[in-house]
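Quick notes on the structure that follows.
We did not get these values from a lab; they are worked out from the coordinates using the rules stated. What you are looking at is a predicted structure, and each value in this text was computed from that prediction instead of being measured. Cβ: placed from backbone, ideal geometry, glycine included. Neighbour counts: every protein chain shown.
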Amino acid sequence: MNRTNEERLIVSEQHPELSGNTHNPAVQGGRTSPITFLRQVIAELRKVVWPTRPMVVSYFFVVLVFVLVMMAIVAGLDFGFGKLMFKVFG
């Protein structure tokens, strides 16, 4: 989609984060210092909503059941195709 300069100006005025004119040196092609990077990482991790213990236990069992079901499906297919190959080839 090719935009005219006027359309780009309108978009950049309405959404400055899309214009490419940010104050973040990493976006402008520069590098941030390791200290700044670590501060940004810690700030982002503070925003995370961490799951509670009951949620983690619940997710664990959901994943466990899903993996066991998928293992059963793959094992069944493997067994079936193995039997089929022995009947076809020998």
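Things to note:
- Subset of segment 50-60 (residues that are surrounded by fewer than 10 Cβ atoms within 10 Å (Cβ to Cβ) and part of a helix (DSSP H, G or I)): Arg53, Pro54
- Test for Phe89: is it exposed (fewer than 10 other Cβ atoms within 10 Å of the Cβ) and without any contact (Cβ under 8 Å) to a residue 40 or more places away in the chain: yes
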